[in-house]
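Student: Structure provided below as structure tokens; questions to follow.
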Amino acid sequence: MSDTILSIRGLRKAYASGTEALKAIDLDIRRGEIFALLGPNGAGKTTLISIVCGIVTPSDGTVLVDGKDHALDYRHARQRIGLVPQELTTDAFETVWSTVSFSRGLFGKPRDDKMIETLLKRLTLWDKRQTKMMELSGGMKRRVMIAKALSHEPALLFLDEPSAGVDVELRRDMWDMVRQLRDDGTTIILTTHYIEEAEEMADRVGVIARGELIAVEDKDALMARLGRKTLKVTLNEVMAVVPGELGEWGVTTQDGGHVLAYSFDSHAERTGIASLMRKLSELGIGYKDLSTHQSSLEDIFVSLVHDGGAK
């Protein structure tokens, strides 16, 4: 059995208007991992998931699910994939039990009350099994959506913005639940624009921006970039050229030479700030303000795009 459960090559989606929603995506998902696809709204996360799940037709490229082309063997792919979409769409008058049981039947799976019972208990839904969907809270409805997606026992589960509109406490519960699913052998791909969601759960992280997959890295390597901070020194006088004596700090000028910027790792034992400030004093460079700026996810996107990405 291959270690790769999902293999995507050259996947593109262009619309008649000329808009390119996805630009030649290449991605391999390892069996048994949690992979977070991280990006701002409109980056192409949902489009990518929708193509793999057979909801949207790609313009080009191939998708192999468990070694088989999902376009040529659609049934094979759908049986192995579960999807929890962003939108909570269910029949309001159906009970939790019938909603989940019916979903299993849609995939041609034989009735298995014991399996549904186990699933509902695992998702803390057993006590609500006879409750109508319209009577559930938003958080409980999302749990039912996960139960529906898992009802046919897929090997690969997609969670599209799983904690959108969910309160902090429920978000934590959901993270625990996702980790449990992974421990049970399910491979999970989740999309999110919450950096802490990727940091909390993922084994690997992919960064997507404007339809382009600009980085795929182990989570720890990517999150280390969040330790970057920038010290901004507002100068008394405009600095046209950075003095050579400041070369070891790699400082740059901003705002037309009014600001000196120094990037450092806030996690490091020595940040270099003290020695830089001493050097400024030695050189007689006066300043009137100091501020530090934490690297944001947006900053990481910008740097990745500027550097040409890192795959």
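The values are calculated or read from the model by the stated rules, or taken from the named source; none is laboratory data. Note that the structure is a prediction, hence the values are computed from the model and not measured. Here Cβ is always computed from backbone atoms with ideal geometry, including for glycine, and neighbour counts include all displayed protein chains.
Student: Filter the range 237-253 down to the residues that are exposed (fewer than 15 other Cβ atoms within 10 Å of the Cβ) and without any contact (Cβ under 8 Å) to a residue 24 or more places away in the chain and list them by number.
Tutor: Here is the first cut: in the range 237-253, the residues exposed (fewer than 15 other Cβ atoms within 10 Å of the Cβ) are 237-238, 240-241, 243-245, 247-248, 250, 252.
Selection gives V238, A240, V241, G244, G247, E248, G250, T252.
Student: Additional query: Among the residues of the range 11-40, how many are assigned to a strand (DSSP E or B) and within 20 Å of the chain's Cα centre (by Cα)? Walk me through how you get there before you give the answer.
Tutor: First, pick out the residues of the range 11-40 that are assigned to a strand (DSSP E or B): 11-14, 20-30, 34-38.
Filter once more, so that each one left must be within 20 Å of the chain's Cα centre (by Cα): 11-13, 21-30, 34-38.
Counting residues in the range 11-40 that are assigned to a strand (DSSP E or B) and within 20 Å of the chain's Cα centre (by Cα) gives 18.
Student: Moving to a separate point now. Looking only at strands (runs of 3 or more DSSP E) that lie completely in the range 142-243, which have at least 1 residues being among the polar types (S, T, N, Q)? Break it down stepwise before answering.
Tutor: Values: elements: 156-160, 187-192, 204-209, 212-218, 228-235.
It comes to 187-192, 228-235.
Student: Right, V96: touching a Leu at 6+ places or on another chain (Cβ under 7 Å), surrounded by 14 or more Cβ atoms within 10 Å (Cβ to Cβ), in contact (Cβ under 8 Å) with a residue 12 or more places away in the chain and over 26 Å from A215 (Cα atoms) or not? Quick ask: steps written out before the conclusion?
Tutor: Values: touching a Leu at 6+ places or on another chain (Cβ under 7 Å): yes; surrounded by 14 or more Cβ atoms within 10 Å (Cβ to Cβ): yes; in contact (Cβ under 8 Å) with a residue 12 or more places away in the chain: yes; over 26 Å from A215 (Cα atoms): yes.
Judged against the criteria, V96 is a match.
Student: When you go through (1) under 22 Å from Q180 (Cβ atoms); (2) within 28 Å of the chain's Cα centre (by Cα); (3) among the β-branched types (V, I, T) one by one for V96, which number turns out not to apply?
Tutor: Single failed check for V96: (2).
Student: Can I ask one more? Looking at the range 149-180, which of the residues that are in contact with a strand residue (DSSP E or B) (Cβ under 7 Å, 6 or more places away or on another chain), of a type outside the set (D, E) and over 20 Å from K109 (Cα atoms) is modelled with the lowest pLDDT?
Tutor: The qualifying residue modelled with the lowest pLDDT is P162.
Student: Kindly indicate whether A261 is more than 26 Å from V205 (Cβ to Cβ) and at pLDDT below 95. Working first, answer last.
Tutor: Working: more than 26 Å from V205 (Cβ to Cβ): yes; at pLDDT below 95: yes.
Answer is yes for this residue.
Student: Kindly indicate which of E200, E245, E217, E237 is of a type in the set (D, E), in contact with a helix residue (DSSP H, G or I) (Cβ under 7 Å, 6 or more places away or on another chain) and not assigned by TED's automatic domain parsing to the domain that holds L83. Full working, then the answer.
Tutor: Working: E200 fails: not assigned by TED's automatic domain parsing to the domain that holds L83; E217 fails: in contact with a helix residue (DSSP H, G or I) (Cβ under 7 Å, 6 or more places away or on another chain); E237 fails: in contact with a helix residue (DSSP H, G or I) (Cβ under 7 Å, 6 or more places away or on another chain).
Selected residue: E245, the only one of E200, E245, E217, E237 that is of a type in the set (D, E), in contact with a helix residue (DSSP H, G or I) (Cβ under 7 Å, 6 or more places away or on another chain) and not assigned by TED's automatic domain parsing to the domain that holds L83.
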